[in-house]
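Participant: Here's a structure for you.
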Amino acid sequence: MVREVAESCVDGVVMEMVAAYCGRFYAAKPELAARRIEAIGFQVGHQLTERYTMERPRFSDHLEAIKFICKDFWSELFKKQIDNLKTNHRGTFVLQDNRFRWLTRVSIDPSVESMDATDNDSATLGDSAAQTTSMLLYFPCGIIRGALTNLGISCSVTADMSNLPACSFVVRIKT
Amino acid sequence: SSDIHLLWQKEDLAYQHQFILHAALDVVQDLAWSTNAMFLKSVDRFNDLVVSVYVTAGHARFMLLHDSRSEDGIKSFFQEVHELYIKIFLNPLYLPGSRITSSHFDTKVRALARRYL
């Protein structure tokens, strides 16, 4: 039998990690908190790929490795594949998950959304909510970067969450 | 005097083996992206010594310097060492790329060598 962890536990750990780095360790330095969270994700992705690629042949090009991330790797992590993969054939790939599991339970307070944006307080609240949500995405960005780095592909990964709970990860391969 | 000479010979041999393996790394680097196979048999030779290599998807390289032996045995040895390596690699306290100091790992690898090689 495969050993598994309840999904709610993983959700809790990720949220608590983000809260700890943003609210306690680096409350005054959000960019440093983001770097630390991404670094943890990097280590996780780095380690997991070594395990998930054990039974399969090695990758001979970048596209094969990206497809592995979209299918096998994403399935292992989130029990579903990436919904859409786009590329410009010049080293940039966009991985789109229409219902990213770590964002499905995240919502911005509707009272903040409905209030008039001219009100400074509500705008600030909205910004901080969006910033907190974006902080959650540094971890999966790190996971993808760590996974690809371990497969011999040096890259940078950013996330776009303009349409919650959908999420796009932009992978730019460094040549 | 002869004892000292033997000791020098032994040391020379150890350095020579290291040198042969390091020299083969360049060949492995080129081969790694040109094939999907993990087990790269006989990538380099030096006199009667052969270098066999196993490259994981994460580009970790297991290298074995040997005289002519059963390829199946070597492949099985590498596959089981890979499993042991993954257990080490997944330890959150292990820093990827650092030296593996686990005596348990050492014992298991030696046991596998006795079994397959």
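Participant: Do any of A:K71/A:K174; A:K71/B:K108; A:K67/B:K87; A:K79/B:K75 go past 27 Å between their Cα atoms, and which?
Facilitator: Long pairs (Cα-Cα over 27 Å): A:K71/B:K108; A:K79/B:K75.
Participant: Please give the net charge around A:R51, taking every other residue with its beta carbon less than 12 angstrom from that of A:R51, where Lys and Arg add +1 and Asp and Glu add -1.
Facilitator: Summing Lys/Arg as +1 and Asp/Glu as -1 gives -3.
Participant: In the neighborhood of A:S168, defined by Cβ-to-Cβ distances under 11 Å, what is the net charge if each Lys or Arg adds +1 and each Asp or Glu adds -1?
Facilitator: Surrounding charge for A:S168 is -2.
Participant: Please state the shape class of segment B:18-79: rounded when a/c is under 1.5, otherwise prolate if a/b exceeds b/c and oblate if not, all from the C-alpha gyration tensor.
Facilitator: Oblate, because a/c is 1.5 or more while a/b does not exceed b/c.
Participant: If I fit a long axis through the Cα atoms of helix B:2-32 and take the longest principal axis of the Cα atoms of chain B, what angle between them do I get, 0 to 90°, rounded to 10?
Facilitator: So the helix axis and the longest Cα principal axis differ by about 30 degrees.
Participant: If I take all pairs of Cα atoms in chain B, what percentage of them are more than 21 Å from each other?
Facilitator: Everything past 21 Å amounts to 47 percent.
Participant: Then there is this: In nm, what is the difference between 0.36 nm times the number of residues separating B:R61 and B:L95 and their Cα-Cα distance?
Facilitator: 10.6 nm
Quick note: the coordinates plus some simple rules give every number you see, no bench work behind them. The shown structure was predicted, so the numbers you read here are calculated from the model rather than taken from an experiment. When we count neighbours, we look across all protein chains shown, and the Cβ atoms used for this are built from the backbone with ideal geometry, even at glycine.
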